[in-house]
Amino acid sequence: MVEQSIEDWYKIFKRSFLFLGISLLVSGIIFLFAFNWNELHRYVKLSIVLVAYGLSNILYLVFRNNSLLKESLLVVIFFLTATVFFVFGQIYQTGADAYDLFLGWLIFTFALNFLSTKGVIWGLWLALGFFTLFLFTDQVYVGESEALFYLILGLVYSGILSAYERYIPSNHPSKPWFGGYTVVIILTLFFIGSLFVNNGYGFLKLGKDSTFLPFVFLPTILGLFFYFYRYRKPKLVNLTIILIFILFYVNNRLYSVEASLDSGLFLLSFLFTIGYTVFCIQYLLKFKNSLEAET
């Protein structure tokens, strides 16, 4: 067991209290302005946001050699970009949908992805893209190809994940979490597009009433992800996520039959979930042991 020296503890407490103090100071400033926000002139509101945005960019240039501060400031810039759009929309009542504001946020933060060295911004940006698409289909384009948007974005994110796994080195700081995080987003997009959007589109008849998407496309996607993270790029966390989605898929198919209210079906689902969970735990333990044996 590794013990921390007094000097190490000093550094830990120094850094912790530094960030605690900065967080409390920033929180106090935010709540001060938030309490009096409605009383401020619109130019003052815009000035506050733009000054904070500009100051964050200056601090980023000053501390860009400090990995932790650099990544923290990029996150601040990421959210301040949204604040500029939202404050402008609130003041001038442009009539823009929430989708337009989120799309602007998505576009104007794209360049930050290339400045982030830990993948944090990429994670936030992918989640923002998912939410922007949701708002688009909910507010702007509620058409018969709504499911198609989710499937296309799922394929786009799959391409991003494939490039990430291929070109980003294994010692990159984002490796422990980024892949699994993106797998959750991708499979969620495919599940929404295949199971929960009740629309038709061409011969595929996309949506929960189709047969191609839930019974062919989605199992194929799950199988490909399972094969990739079991044999090509073995990763315990990602494989666990995929197995959880498989459980969710099987139960969804069980409850989609007409006798979904039958108690026998509920019992079948309950027994399957228990048996499947026990099997997965044993399988993942063996998989973990094999990974440790290889290293």
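The values are calculated or read from the model by the stated rules, or taken from the named source; none is laboratory data. For clarity, every value in this text was computed on a predicted model and none was experimentally measured. Here the Cβ is made from the backbone with ideal geometry for all residues, glycine too, and neighbour counts use every protein chain on show. Ligands, DNA and RNA are excluded from the accessible area calculation, which covers all protein heavy atoms including side chains. Shrake-Rupley method; radii C 1.70, N 1.55, O 1.52, S 1.80 Å.
Taking every residue in the range 44-71 that is under 23 Å from TRP125 (Cβ atoms) and charged (D, E, K, R) and pairing it with any residue that is open to solvent by less than 40 Å² (accessible area, probe 1.4 Å) and at pLDDT 85 or above, at least 6 positions away or on another chain, the pairs with Cβ-Cβ distances below 6 Å are ARG64/LYS70. Residues that are surrounded by fewer than 15 Cβ atoms within 10 Å (Cβ to Cβ), at pLDDT 85 or above, out of contact with any strand residue (DSSP E or B) (no Cβ under 9 Å at 6 or more places or on another chain) and farther than 23 Å from VAL156 by Cβ: does the range 216-232 have at least one? Among the residues of the range 216-232, at least one is surrounded by fewer than 15 Cβ atoms within 10 Å (Cβ to Cβ), at pLDDT 85 or above, out of contact with any strand residue (DSSP E or B) (no Cβ under 9 Å at 6 or more places or on another chain) and farther than 23 Å from VAL156 by Cβ, which makes the answer yes. Would you call LYS288 under 22 Å from the mean Cα position of the chain (by Cα), of a type outside the set (Gly, Ala, Ser), at pLDDT 85 or above and loosely packed, with under 15 Cβ neighbours inside 10 Å? Here the answer is no, as LYS288 does not meet what is asked. In summary, SER256 fulfils each of the numbered conditions (1) modelled with pLDDT under 85; (2) part of a helix (DSSP H, G or I); (3) within 28 Å of the chain's Cα centre (by Cα) with the single exception of condition (2). Mind checking whether some residue in the range 280-295 is within 19 Å of LEU189 (Cβ to Cβ), part of a helix (DSSP H, G or I) and not β-branched (Val, Ile, Thr)? Within the range 280-295 (the criterion being within 19 Å of LEU189 (Cβ to Cβ), part of a helix (DSSP H, G or I) and not β-branched (Val, Ile, Thr)), the answer is no, since none of the residues qualifies. Among the residues making up the range 56-88, those that are part of a loop (DSSP other than H, G, I, E, B) and either aromatic (Phe, Trp, Tyr) or surrounded by 12 or more Cβ atoms within 10 Å (Cβ to Cβ) (or both) are PHE63, ARG64.
Here is a yes/no grid of residues against (1) open to solvent by 10 Å² or more (accessible area, probe 1.4 Å); (2) under 25 Å from VAL237 (Cβ atoms); (3) at pLDDT below 80:
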| site | (1), (2), (3) |
| --- | --- |
| PHE136 | yes, no, no |
| ALA163 | yes, yes, no |
| PRO173 | yes, yes, no |
| PHE191 | no, yes, no |
| GLY202 | yes, no, yes |
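Note on the range 1-55: among residues that are open to solvent by 90 Å² or more (accessible area, probe 1.4 Å), outside any helix (DSSP H, G or I) and not acidic (Asp, Glu), the one that is modelled with the highest pLDDT is HIS41.
For the range 107-124, the set of residues classified as surrounded by 19 or more Cβ atoms within 10 Å (Cβ to Cβ) and in a helix (DSSP H, G or I) consists of LEU112, VAL120, ILE121, TRP122, listed by residue number. Screening THR94 against (1) modelled with pLDDT under 90; (2) surrounded by fewer than 18 Cβ atoms within 10 Å (Cβ to Cβ); (3) part of a helix (DSSP H, G or I) leaves a single unmet condition, (3).
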